[in-house]
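Reading through the structure tokens given below for one structure.
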Amino acid sequence: MRYLRIILELIVLLLLIVVYVENQDETFHFKLSVGLESWKFEREVPTIAAVYGAAIVGALIASFFAFIKGLRKRMLIRNYIKTIGKLEQELDTLRNLPLLEAEKDKV
């Protein structure tokens, strides 16, 4: 299974390289204008750079949400462990209860 994953990762990497090489010359005009007439940002950006940039930003956003979800799960597990500890203590107390009552009856 491990080798299959490595092979799939290499295929994906190869496809990304092919897409990059094939679309390296393709560009589009990226223009950003803000309210002031004297300040404009114009630049030719390769199409593949825009696509990869969008993919990276999307991966970062997804990673952030996955990190938050992982933190919530860890907090929930910690609360469950505390609850289990309390319930085990209560169970031990209830198990020993008849013994304590029997000792009182003997005295």
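Let's see how each residue does on (1) part of a loop (DSSP other than H, G, I, E, B); (2) modelled with pLDDT of 70 or more; (3) of a type in the set (Gly, Ala, Ser):
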| site | (1), (2), (3) |
| --- | --- |
| Lys31 | no, no, no |
| Ala54 | no, yes, yes |
| Lys73 | no, yes, no |
| Ile81 | no, yes, no |
| Glu88 | no, yes, no |
| Leu91 | no, yes, no |
| Leu94 | no, yes, no |
| Glu101 | no, no, no |
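Just to be sure before I move on: is Asp105 at pLDDT below 95 and surrounded by fewer than 10 Cβ atoms within 10 Å (Cβ to Cβ) in the structure I sent? The answer is yes for Asp105.
The values are calculated or read from the model by the stated rules, or taken from the named source; none is laboratory data. Just so it is clear, the structure is predicted and the values come from calculations on it, not from any experiment. Using ideal geometry, Cβ is built from the backbone for each residue, glycine included, and neighbour counts are taken over all protein chains shown.
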